[in-house]
Amino acid sequence: MIELSLEAQFLIVINAILLVLIVILALNLIRRRRAMKHEKSLIPLSTSWISTFDYLLRSRGPNEAIIETFNRVLDDLKSYLRLSLSSGLTPKEAALTICSRLSEGAGQSLMRLYEIYEPVRFGRESVRREDLDDFRRSLIKLISEIKLWRSRG
């Protein structure tokens, strides 16, 4: 059996403690970088929602603008939250599932978008100017709520 001096034993213990601290710090750094990567990845997407809505409003009309923008919001949030939703889900079911992973304010904004989207998508009513303004306001509120939620989390 090898006997170590008291000084050698002390150095081994110190080195083991330092190694554990380095591993913990490295894991925290990796976790933070992943969180920052996810946080950054939604910001360009969310700002493109408004530009997509504006472009579609000019080029294809209000119905298509609401329908396509809402679907894009759902797709982007689904990807961002890493959800694998069944393709058989209705837009309402998908929105509710996504809402369960967001803050309360962001979830309310997303559901408001759905409330405007549903009658337009199923052709039950024509789009009024108030609906377009409300859709835009809800989209902006959703973006700000998501940014606030990500900064807290």
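The values are calculated or read from the model by the stated rules, or taken from the named source; none is laboratory data. Please read all numbers here as calculations on a predicted model, not as lab measurements. Virtual Cβ from ideal backbone geometry, glycine too; neighbours counted across all protein chains shown.
Scanning the range 68-83 for residues that are polar (S, T, N, Q) and modelled with pLDDT under 90 yields one hit, S79. Of note, E93 satisfies the criterion of being over 21 Å from Y55 (Cα atoms) and either in a helix (DSSP H, G or I) or at pLDDT below 90 (or both). The residues of the range 103-153 that are out of contact with any Leu (no Cβ under 9 Å at 6 or more places or on another chain), modelled with pLDDT of 90 or more and among the hydroxyl-bearing types (S, T, Y) amount to a single one, Y117.
Filtering the range 98-125 to residues that are among the hydroxyl-bearing types (S, T, Y) and either touching a residue at least 40 places away in the same chain (Cβ under 8 Å) or surrounded by 14 or more Cβ atoms within 10 Å (Cβ to Cβ) (or both) leaves S103, S109, Y114, Y117.
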